[in-house]
Amino acid sequence: MLRRSIYKTPVQLRAMLQPGRITADALQAVRAIVAPGVTTAELDATAARIIESRGAESNFQLVRGYRHTTCVSVNEQVVHGIPGDRVLEPGDIVSIDAGAQYAGWNGDSAITVVVPDPDRPELVAARDELSRVTEGSMWAGIAAMARGTHIGEIGAAIEDHIVGAGHGYGILRDYVGHGIGRKMHEAPSVFNYRVPDPGPRIRPGLVLAIEPMVVAGSEETFVEEDEWTVSTVDGTAGSHWEHSVAVHDGGIWVLTAPDGGAAGLEPFGVRPVAFE
Ligand code: MG
Ligand code: MG
């Protein structure tokens, strides 16, 4: 069997810039319309419109049996929620996952947004904190990718960030990050926690989707009757953040961040380096 290298050539890395940007723009447009009264199908339609307008296609629709552009997961749903007629309510915590395929190459990214609720400031603060810590753990993982020698260091950094926050959050074990390129999901797996195996080397050509999935309570989850949606057993809220990140000869670049990851990586003392 022919095994494709997990490392891309400079030409292949360059081909991943555009799908990354399109994915970023789609999620930015979705973020802008999250509000009480909006349906999850409307979020999906917004992402679809951006992706199609840029001459790309939704890579989620290339997943067998899936007909939507995004996954939208609300409250106790952590990942793989199906967009539909659910209406967003004040205080909801909403994770949106999307990806674009452009000229045969893929981007994959996710954000979490908390819907404002003036009547429940404590609930909103707790959910904002869950999202903030989850996002921070993703940036900690990306910083470890910038500095580390093996991909096992990424999961260790994510776990340390979550544990260090001191809230007792759970990290999903059954769902992990991945390589990305010609396919949305490629080898290797990127664990969101410490594992004994150091994993493949981090070197130019490596492109990973780093995506911690974090919950306010127990990490135990189940798949709902729709056969997609992953929800917490204890009903506590979840958050999911994701970026596709490339290592090139000059450094790292976050393909699905409009600024290449500059703002998110700044607290970790890492500066992304653009390439073309
Ligand atoms: Mg994703
Ligand atoms: Mg992914």
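Could you pull the Cα extents of segment 158-245 along its three principal axes, largest to smallest, in whole Å?
Principal axes ranked by extent give 41, 34, 22 Å for the Cα atoms.
Hey, with R₀ at 22 Å, roughly what FRET efficiency would Gln61 and Glu89 work out to, going by the Cβ-Cβ distance, to 0.05?
Details: r = 28 Å, r/R0 = 1.26.
For Gln61 and Glu89, the calculated efficiency is 0.20.
Consider a paramagnetic label point 7 Å from the Cα of Arg203 along Cα→Cβ; state which residues of segment 162-189 have an amide N under 20 Å from it.
179-181, 187-189
Over all alpha-carbon pairs in the chain, figure out the percentage whose distance exceeds 28 Å.
More than 28 Å apart: 30 percent of the Cα pairs in the chain.
So how far apart, in nm, are the two label points at Ala187 and Arg120 if each is 7 Å from Cα heading toward Cβ?
4.5
Compute the FRET efficiency between Val163 and Glu276 as 1/(1 + (r/R0)^6), taking r as their Cβ-Cβ distance and R0 = 35 Å, and round to the nearest 0.05.
Numbers: r = 38 Å, r/R0 = 1.09.
After rounding to 0.05, the efficiency reads 0.35.
Test of understanding: ordering Trp241, Trp228 by Cβ neighbours within 10 Å, fewest first, what list do you get? Each step should come with its number before you reach the end.
Details: Trp241 26, Trp228 18.
Ordered from fewest to most neighbouring Cβ atoms within 10 Å, Trp241, Trp228 come out as Trp228, Trp241.
Determine the relative contact order of segment 10-268: mean sequence separation of Cα pairs under 8 Å and six or more apart, normalised by residue count, in whole percent.
Numbers: 642 pairs, mean separation 56.1, N = 259.
Relative contact order here is 22 percent.
Taking the Cβ of Thr149 as the centre, find all other residues whose Cβ is under 15 Å away and add up their charges (Lys, Arg: +1; Asp, Glu: -1). All intermediate terms of the calculation are to be shown ahead of the outcome.
Numbers: positive: Arg147, Arg201, Arg203; negative: Glu153, Asp197.
The answer is +1.
For the chain, give the magnitude of the charge dipole about the Cα centre (Cβ charges: +1 Lys/Arg, -1 Asp/Glu; no others), in debye to the nearest 20.
Working: 22 positive and 36 negative charges, 306 e Å.
In total the dipole reaches around 1480 debye.
Please find the FRET efficiency linking Arg14 to Asp259, where r is the Cβ-Cβ separation and R0 is fixed at 30 Å, and quote it to the nearest 0.05. Working shown, then result.
Values: r = 19 Å, r/R0 = 0.62.
Given R0 = 30 Å and the Cβ-Cβ separation, E is 0.95.
Taking a virtual spin label 7 Å from the Cα of Ile33 along the C-beta vector, which residues in segment 112-131 bring their backbone nitrogen under 20 Å of it?
112-116
Scattering from the C-alpha atoms of segment 136-179 alone, worked out with Debye: what is log10 I(q)/I(0) at q = 0.20, 0.26, 0.28, 0.34 1/Å?
-0.61, -0.96, -1.05, -1.25
When a/c reaches 1.5 or more, the comparison of a/b and b/c decides; with that in mind, is segment 111-199 rounded, prolate or oblate per its Cα gyration tensor?
Values: a/c = 2.60, a/b = 1.82, b/c = 1.43.
Prolate shape, in that a/c is at least 1.5 and a/b is the bigger ratio.
What are the semi-axes of the equivalent ellipsoid for segment 39-164, taken as the square roots of 5 times the Cα gyration tensor eigenvalues, largest first, in whole Å? Can you show the working numbers first?
On the way: eigenvalues 132, 117, 23 Å².
The three semi-axes for segment 39-164 are 26, 24, 11 Å.
Separation between the Glu220 and Arg147 pseudo-spin-labels, each 7 Å from Cα along Cα→Cβ, expressed in nm?
Calculated label separation equals 3.6 nm.
For the chain, set up a GNM with springs between Cα atoms under 10 Å and report which of Gly238, Gly261, Gly141 has the largest fluctuation.
So, out of Gly238, Gly261, Gly141, the one fluctuating most is Gly261.
Across 5 Å bins from 0, what is the distribution of all Cα-Cα pair distances for segment 79-146, in whole percents?
Reading upward from the zero bin: 4, 14, 17, 19, 18, 14, 8, 4, 1, 0.
Values in this text are rule-based calculations from the coordinates and carry no lab data. The model shown is predicted, which means the values in this text are computed figures rather than measured ones. Cβ coordinates were reconstructed from backbone atoms using ideal geometry, including for glycine residues, and neighbour counts include every protein chain displayed.
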